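This report concerns only the one structure given below.
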Amino acid sequence: MKRTESEKTESDITTHGQNPYEIVKSLIKESVTRLGLHENIYHMLKKPMRMLEVSIPVRMDDGTLKNFTGYRAQHIDILGPTKGGIRFHPMVNIDEVKALSIWMSLKSAILDLPLGGGKGGVIVDPESLSDRELETLSRTYIRKITPIIGPQKDIPAPDVNTNPEVMGWMIDEFDQLRGYNIPGMLTGKPIIIGGSLGRLEATGRGVVFTIREAAKELGMELDKSTVAIQGFGNVGSMTAKFLHELGVKIVAVTDARGGIYRKEGIDIPDLLEFVGDKENYASDYPHADAITNEEMFGLPVDILVPAAVENQITKETAPTIQAKILAEAANGPTTPEGDKILEEKGIFVIPDILCNAGGVTVSYFEWVQNSMNYYWKEEEINQKLEEKMLFGFNTVFTMREEKKCFMREAAYMVGINHLVKAMNARGWIKDSDLSDS
């Protein structure tokens, strides 16, 4: 199956083998301690409340039967139904899905969304499948997880290597099983069957809102700033588009096959047209010089945007970074070792659970519109998204100032504190759990 740039590049940049689940557990433990909460809170938050593994048999085009493995994690539903994407990738594993579900819980908590965290994945290289095989895989996967999903239980969405077309197959399968249309059972759908305007651009737009606010705090003028972006899938390309519209100069972009660099700035509208119309990789773009991923990290830019996958900012790459702002458009792009180096260098990090929360925010809006059967104009959606992202940024920044800590620590403390208040209100924990004394 041939994929477009927006579907293929975010998943294909090699990770460095660190376990994201161990990383997120460590960050939760540190934040619980810093908030002065009892260790019991850590044990309640460190693992999903439910983890499902399913087998997905698919009859291939050559007549053979192949059995794929899929997962769905649901972290915590104290604020509302769990919510999170489904990724198709050969490196999907159970710990990655667990970690991603926890990150989704924290994103929703930081932005005060009435949702918990969920995540799903299938171990598969979708590029190796025909369209028919991919559709069969998508429908069979959703059939297998149907008992634990639904608009009041768990709401899937697109993620790495899935898109509105895949969501269309999945919701159709779910509706056929139920016998009637249930548009709110997943988000990121095609507009014609209940998708939301602005959803495709939401994550990248949210990233830019947080960059804009960080630049204000640092006294930076965006129209005089330079940016390098790792990953040119949906999130990376939309981030580039909106930054370009603000007058920011994007000088470098990398993807699965390499990268491009132009000191004077890349013509982003032309690059987007090149990638979209011809299904090329961004690194094929002829009007810029070639650059490697490693060289991109070391460029003297003002803002660096990792928009690929986990474990990209490591003890090897972090020392070369010269940016003033690092905006984590990807989930878990920075290892603990890399993070320590960034802190020592004084780089302002916009953590992933804040930076890329625009996607789940507009997915929430889509779910709300589905429940009302009334749909908002795109301008209204973008305005509401901006309000939510600014609320999240300001809440985290205030915690940073109050606790005299870094933005990542502040984001985790904001998210955990929100969940703890809900757990206390429901009687899941006692007042004694609110203090470790």
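Values as computed for the structure displayed
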| read-out | value |
| --- | --- |
| Mean Cβ count within 10 Å, highest first, over the residues of peptides 22-29, 198-205, 288-295 | 198-205, 22-29, 288-295 |
| Over 22 Å [Cα-Cα, the range 175-291], rounded percent | 43 percent |
| Antiparallel content of DSSP bridges confined to the chain, in %, to 5 | 45 percent |
| All-pairs Cα distance distribution in the chain, expressed in whole percent, bin size 20 Å | 27, 60, 13, 0 |
| Beta bridges by DSSP in the range 34-188, antiparallel share as percent, to the nearest 5 | 60 percent |
| Carbon/sulfur fraction of accessible area - the range 36-120, other protein chains in place, 1.4 Å, % | 49 percent |
| Helical contribution to [θ] at 222 nm, DSSP H n ≥ 4, -39,500 (n - 2.57), averaged over the chain, rounded to 500 | -14000 deg cm²/dmol |
| In Hz, Karplus ³J(HN,Hα) per residue of the range 66-80 (6.51, -1.76, 1.60; θ = phi - 60°; x = Gly, Pro) | 10, 10, 9, 10, x, 9, 8, 10, 10, 6, 7, 10, 5, 8, x |
| Accessible area of the range 263-381 belonging to carbon and sulfur atoms, whole % at 1.4 Å probe | 48 percent |
| Net dipole in debye of the range 244-356 [+1 Lys, Arg Cβ; -1 Asp, Glu Cβ; about Cα centre; nearest 20] | 280 debye |
| The range 130-243, accessible area per residue, ligands and nucleic acids excluded (1.4 Å, Å²) | 35 Å² |
| Lys345-Ser371 FRET efficiency (beta carbon distance; Förster radius 60 Å; 0.05 resolution) | 0.85 |
| Accessible surface, per residue, of the range 306-437 when the full set of protein chains is kept, probe 1.4 Å, Å² | 42 Å² |
| Chain lengthening between Glu264 and Leu177 when straightened (0.36 nm per residue, less Cα-Cα) | 25.9 nm |
| Of every Cα-Cα pair in the range 390-437, the percent that sits beyond 18 Å | 39 percent |
| Sequence-distant residues sharing a close amide H with Asp159 (under 5 Å, placed H) | Ile86 |
| Whole-Å distance, taken between Cα centres, linking the range 358-430 and the range 200-254 | 21 Å |
| Square roots of five times the Cα gyration tensor eigenvalues for the range 173-220, Å | 38, 9, 6 |
| Cα pair distances in the range 116-189, grouped into 10 Å bins until the bin that holds the longest one, percent each | 19, 59, 21, 1 |
| For the range 23-87 and the range 170-188, distance of Cα centres in Å | 22 Å |
| J(HN,Hα) series, the range 311-320, from Karplus relation 6.51 cos²θ - 1.76 cosθ + 1.60, nearest Hz, glycine and proline x | 6, 9, 9, 10, 5, 7, 8, 4, x, 7 |
| Fully extended contour minus Cα-Cα distance, from Leu246 to Met51, at 0.36 nm per residue | 66.0 nm |
| Per-residue HN-Hα couplings for the range 354-363 [Karplus 6.51, -1.76, 1.60; θ = phi - 60°; Hz; x = Gly/Pro] | 10, 4, 9, 7, x, x, 5, 5, 6, 4 |
| The range 61-193 - Rg and Dmax from Cα coordinates, angstrom | 14.4, 49 |
| Listed peptides 70-79, 382-391 by packing density, highest first (mean Cβ within 10 Å) | 70-79, 382-391 |
| Carbon and sulfur %, accessible surface of the range 159-254 computed with the full protein complex present, 1.4 Å | 52 percent |
| Ratio Rg/Rh, restricted to the range 271-387 and using Cα atoms, in which Rh is the Kirkwood radius | 1.07 |
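The values are calculated or read from the model by the stated rules, or taken from the named source; none is laboratory data. Values in this document were obtained by computation on a predicted structure and should not be read as measured data. Please note: Cβ atoms are built from the backbone with ideal geometry, for glycine as well, and neighbour counts cover all protein chains shown. All accessible areas refer to the heavy atoms of the entire protein, side chains included, with ligands and DNA or RNA removed. Shrake-Rupley method; radii C 1.70, N 1.55, O 1.52, S 1.80 Å.
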